[in-house]
Amino acid sequence: MSVLRMLTSRGWTLVILGAIVTVAAMLFGQNDLLWLGLLLIALPAVAMVMVGRSRMSLAVERRLNPARAPLGERLRGSLTLTKRGSLPLGLLQFEEAIPRQLGRRPRFTVHRFAGEWSRQVNYPLEGLERGRYQVGPLLVRATDPFGLAKMDRRFASTRETMITPRIVPLSSMGSATGQGQSGDSTPQRIGLVGADDVLVREYRAGDDVRRIHWRSTARRDELMVRREEQAWDPSVSVLLDNRSSAHAGMGQDSSFEWAVSAAASVAMHMISSGYRLSILDTEGPLVDADTLTPDELRESVALTLTDVTMTSHNTSLATMVRAATGHQTGEVLIAITGRLSRDDVHALVAMRSHRAQGLAMVLDVDTFTARRFRGDESLAGEHEAAIDLLRRHAWRVVEVTGTTTIDEAWRSLDRVGVTTR
């Protein structure tokens, strides 16, 4: 920082006034007036020396509690300021640099004339948007007791915080989830694919030949395969529709944020229930549990869904279809979608092929915003027709509005399953 730029307007006033008085004293031979002019010039110079010494005597320690928080929750920032050295300062003005997604920048002052002191300052933060953010650095403006000089200093240290999706505890769904891989959970796992699945069915292209039930094949004179094996080691794929064209609304109350929160909640619930989990969006796989422990998988889900964003260049589910068809058959599909078209339904039906169940939370995205279909009412009819078509292809479908909670939608899927079996 330039030495001359350290002077405040008050400091410059004294320097200019002192120069005028000094010149006048020299012209008129007034020694007393000369000393006054030199004093007026010396005061800002002394102030600059005092402020300049502060750059090596101020330390800051930053804490965030908690280090991460769900969307919409509050955090608390804490700064411990320590002034060392015997030289006193007048006023210290602080401004913490935080992104707008965490709220307003905190500003505060410390007016202490002591040479050494320590002070803790707390300030609120609020997770207004999901993502990872840097808090800091801290900007400090030091001034002398008379306000003649100033020095701005920006600390280099920052601290990262994460605003994660809201994760809602979900109730048990008897017709579509299990509670573990041992003991009494086995009947619930069999219930995942329906009572008929403990029997045999006709062989389909792509079935594992090791599942052929030879006794039934001989009796019926056609290839039959066992179906109960799907229930012993279940897996689930959560499909997140992140197309910008399929969502509406702004900020944390948008349809996309509801979908991300639902995906995170369902994923955590299925991990706790002992399922192998994969999460896909319209660009392909996001999370795959093949090499992760349950705790590592929970962390991976939280981190991945914190970073997921809407995409504008994908308008179809083709990439998701290709990624989903690469997974093993017999798994459950749980789709969380925005506005649907007939082509979207065909893609979902293709993903559903050779799988135990397909469950879908379909968002009525226009209930998340005041704007309805941007004047094109044909989209409303196409969306409703797509939902009907999806139901006709053996998907359990629940329509979600802007007032529907995630647990309500989840329990509705259970009731739909019970009434259609």
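The values are calculated or read from the model by the stated rules, or taken from the named source; none is laboratory data. Predicted model, so just to flag it, every value in this text is computed and none were measured. Cβ sites come from the backbone with ideal geometry, for glycine too, and all protein chains shown count toward neighbours. Surface areas here come from the heavy atoms of the whole protein model, side chains and all, with no ligands, DNA or RNA. Shrake-Rupley method; radii C 1.70, N 1.55, O 1.52, S 1.80 Å.
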Expressed in square angstrom to the nearest 10, the accessible area of residue 382 with a 1.4 Å probe stands at 80 Å²
Pseudo-spin-label distance residue 82 to residue 141, built 7 Å along Cα→Cβ, given in nm, is 2.7 nm
So, with points 7 Å from each Cα along the Cβ direction, the residue 9-residue 311 label distance in nm works out to 5.4 nm
Of all GluC sites (Glu not before Pro) in region 267-312, the ones in DSSP coil with at most 16 other Cβ atoms within 10 Å are 283
Of 83, 150, ordered by accessible area with the largest first and a 1.4 Å probe, the sequence is 150, 83
With R₀ set to 56 angstrom, the calculated FRET efficiency between the beta-carbons of residue 391 and residue 158, to the nearest 0.05, is 0.65
